[in-house]
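Taken together, the values in this text are just the output of simple stated rules run on the coordinates, not laboratory data. Keep in mind it's a predicted model, so treat the numbers as computed, not measured. Glycine gets a Cβ as well: all are built from the backbone with ideal geometry, and neighbour counts include every protein chain shown.
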Amino acid sequence: MTKGLSIFELGDPILRQQAAPVEDIQDPGLQLFIDRLLHTLLEKNGVGIAAPQVGVSRRLIIVASRPNLRYPSAPSMEPEVMINPRVMETSNDRVRGWEGCLSIPGIRGEVPRHRTIVVEYLDRSGQLQQRDYEEFVARIFQHEFDHLEGKVFLDRLESVQDIMTDREFLRRFEGG
Ligand code: NI
């Protein structure tokens, strides 16, 4: 039985550090960590998570959009485990959209992000992968990648007026 990991929240210095590259993908400890991180993401109704959010300052993220209680209108995809991800291209056009973060419970912010993005990463078997993402999934990637650079979505806001509570967000946009 896989156990969930605890989430580190805003104020913990690890969320403000630049994460170090993953070196040994075959390490059984790393593979177990990936399973636990996937489990944690599902358990917490996230659509993405980054290793520093569970106290591991390594360049590993999971992007896993799907409709759930926190994001009822998210598109569905198979979870992608991305090790040492790199941004290859970004669109010049940016779109604003609402984001939350497991490390910043209770609030959402409307954040501008590149509309499309091309990324490269190593999957959990060590194979190099390239993906093109757009819209909400591109947004998730950019949000999680920021965690590896010690940034959170609050740093990307154009104005503090672009924040609302989770409850207000769900009431207003999702009929919750
Ligand atoms: Ni986050």
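Worth pointing out:
- Against the numbered list (1) surrounded by fewer than 17 Cβ atoms within 10 Å (Cβ to Cβ); (2) within 16 Å of the ligand (Cβ to nearest atom), residue 36 comes up short only at (2).
- One residue from 48, 55 being out of contact with any Leu (no Cβ under 6 Å at 6 or more places or on another chain) and surrounded by 19 or more Cβ atoms within 10 Å (Cβ to Cβ): 48
- Test for residue 86: is it farther than 18 Å from residue 62 by Cα, without any contact (Cβ under 8 Å) to a residue 40 or more places away in the chain and surrounded by 13 or more Cβ atoms within 10 Å (Cβ to Cβ): no
- Residues satisfying the stated conditions in region 47-66, i.e. farther than 12 Å from residue 147 by Cβ and within 11 Å of the ligand (Cβ to nearest atom): 47
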